[in-house]
1. Are there any pairs, at least 6 apart or on different chains, whose C-beta atoms fall under 9 Å, with the first in the stretch 354-376 and under 20 Å from E101 (Cβ atoms) and the second modelled with pLDDT under 95 and not β-branched (V, I, T), and if so, which?
2. Please go through the stretch 32-52 and give me each residue that is without any contact (Cβ under 8 Å) to a residue 60 or more places away in the chain and among the aliphatic types (A, V, I, L, M), ordered by number.
3. Return only the number of the condition from (1) surrounded by fewer than 23 Cβ atoms within 10 Å (Cβ to Cβ); (2) closer than 29 Å to Y126 by Cβ that G440 does not satisfy.
4. For the stretch 185-238, give me each residue that is polar (S, T, N, Q) and under 20 Å from C128 (Cβ atoms).
5. Please determine, by comparing only the residues of the stretch 254-283 that are open to solvent by 30 Å² or more (accessible area, probe 1.4 Å) and part of a helix (DSSP H, G or I), which one is nearest to A212 (Cα to Cα).
6. Go through (1) without any contact (Cβ under 8 Å) to a residue 60 or more places away in the chain; (2) part of a strand (DSSP E or B); (3) open to solvent by less than 40 Å² (accessible area, probe 1.4 Å) one by one and return the number of the condition G240 breaks.
7. Find the residue count for the stretch 85-110, including only residues that are touching an Asp or Glu at 6+ places or on another chain (Cβ under 9 Å) and within 23 Å of I363 (Cα to Cα).
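The values are calculated or read from the model by the stated rules, or taken from the named source; none is laboratory data. Please read all numbers here as calculations on a predicted model, not as lab measurements. Heads up, the Cβs are rebuilt from the backbone with ideal geometry, glycines too, and the neighbour counts pull from every protein chain shown. Just the protein is used for accessible areas: all its heavy atoms, side chains included, with ligands, DNA and RNA removed. Shrake-Rupley method; radii C 1.70, N 1.55, O 1.52, S 1.80 Å.
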Amino acid sequence: MSFIQAPPVLGNQFDADGAFRSLIARLLPAPVLREVEPSLREMGRLSAELYPVQLADRLSEPVLTQWDPWGNRVDRIQLTPLWQAAERIAAQHGVVATAYERAHGRFSRIHQFALAYLFTPSTDIYACPLAMTDGAARVLLDSGNRDLIGRAVPHLVSRDPAAFWTSGQWMTETAGGSDVGGSETEARPDPDGGWRLHGRKWFTSAATSQMALTLARPAGNPPGGRGLALFYVETRDDAGMLRGIRIDRLKDKLGTRKLPTAELTLDGTPAVPVLGLGDGVRTIAPMLNVTRTWNAVSAVALMRRGLALADDYARRRSAFGATLAEQPLHADTLAGLRAEWMGALHLTFRVAELLGAQEAGEIDDAGRALLRVLTPLAKLTTARQAVAVASEVVEAFGGAGYVEDTGIPTLLRDAQVLSIWEGTTNVLSLDTLRALESAGGLGPVRAEVERCAAGVEDPALVPVIRAAAGAIERAEAWLERAMQGGRAEVEAGARRFALTLGRALEVALLARHAQWEAERGEQDAAHSVRRLAMNGVDLLQRPLADGMEAPERSFGPLAGGAPATL
């Protein structure tokens, strides 16, 4: 009984991630890459060093103290030690600030999301408040409200931990999460010209943030989304007491348990309108675009962490006379997971690339239309992939993957939130339809696949890019047929339609990168893109016996989507 299994070990997560380094090398000009690479390598080192700290801190959770010993209502939340460290690291390393300092212009978003990608897996979803902080800064800057910009933005983008603020995003109420038009929180005018909020917010993540953006209905406004306004709230006064806010309880969640998510009662909370007293949903839209991109970055980051652990474990664990890495079936399973992750990685950073160009004022109308379509597609596609990959990672560890103190089950629980936050798969599928309607059809998607195809010359990659183009053509044909049947038929198939577009784009983008690598004598992306295509691209056409079609179901390496013929 002397055998003890060695656990998986992580090295520098930038140096060990060849696929990510290859992508960054293609996206960034050589001078920019030389300047940002040290910061990425340092974050990769921190990510590896924080992993054992994360495991040791596994059982810690935030604690809400509502009353002090003398009966005073205080509503204080004690964060976990790792979360407290994560806030300091995020500020000092500019995980939000980098995007707004714009030291490298349009490439600053790529740099920032590269930092976030490396930071996220070892910091217990601290990416959530960072995403909302980033989104809040974007909304305030876009609003043109000079008072609020001067008051809040310097804190939101600070590198000084003592000055750094995070922001909440208070939208969900019991009446609706995605359907915010039913929000019941009311904004009432003060005699002094200010506003006070009254209502309940059912699901407020990062409840310790210093500020929040929230939707409320000014008294007298009509029902529905157009009657809502966006308000700015500072949560505590100079003495550290909540300003007309009660924290009723912390949520007992499936995952993201280090993240303090609360139910709040707003009872006369002072608030300032961000931009007028209506169309609040439209005003907050830039925040959602940013946070959905963060969601995709978190998805690929968690997939990468699971694969890094599974790959290392496969080299350490032996069964039936060989390591798992040497077992053909296990190696093939991991290759399928790697293909999913690489496709997701390239789609996510294409969105980051476009977002950076838009913020730098270096994007045309076609680019804006593409960004509008790709943002919901990337979020919904990568979130579904993250859940599927995390489940397979748990299985790759066998019984050890099901044991809590290995830390492996946390990957699956945390991944599940990615398909819920910032819009479920169904909600974002419908949003994709709206984006395409605004663009006049699938032109932006088709043009993106054609752009990728134009750069592919390797004979081994041509069938792959044709498979992506074919899936887009069939999706377009399906949409035309479905529209003849009416809106209900289009909406019923919207999920399969959107996932087909997302996966086809992943194949096209990864094939283009594989061509770039092939010109440099590398084949990593080429192997993965062929496997990604074989995993299944077209979820609209899965022929069964007698011409039947299978209903949409969760996809992944074993999902059974129509594979490309390679």
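1. L355/N289
2. Once the filter is applied, which keeps residues that are without any contact (Cβ under 8 Å) to a residue 60 or more places away in the chain and among the aliphatic types (A, V, I, L, M), the stretch 32-52 yields only L33.
3. Among (1) surrounded by fewer than 23 Cβ atoms within 10 Å (Cβ to Cβ); (2) closer than 29 Å to Y126 by Cβ, the lone unmet condition for G440 is (2).
4. Going through the stretch 185-238, the residues polar (S, T, N, Q) turn out to be 185, 204-205, 208-210, 214, 221, 235.
Those that are polar (S, T, N, Q) and under 20 Å from C128 (Cβ atoms): T204, S205, T208, S209, Q210, T214, T235.
5. The qualifying residue nearest to A212 (Cα to Cα) is V281.
6. (2)
7. In the first step, residues of the stretch 85-110 are kept if they are touching an Asp or Glu at 6+ places or on another chain (Cβ under 9 Å); the result is 86, 91-96, 99-100, 102-110.
The next check asks that each one be within 23 Å of I363 (Cα to Cα); those that pass are 96, 99-100, 102-110.
Of the residues in the stretch 85-110, 12 are touching an Asp or Glu at 6+ places or on another chain (Cβ under 9 Å) and within 23 Å of I363 (Cα to Cα).
Table: residues versus (1) in contact (Cβ under 8 Å) with a residue 12 or more places away in the chain; (2) farther than 24 Å from I245 by Cα.
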{"position": "V139", "(1), (2)": "yes, no"}
{"position": "N145", "(1), (2)": "yes, yes"}
{"position": "R151", "(1), (2)": "no, no"}
{"position": "D160", "(1), (2)": "yes, yes"}
{"position": "T185", "(1), (2)": "yes, no"}
{"position": "D192", "(1), (2)": "no, no"}
{"position": "S205", "(1), (2)": "yes, no"}
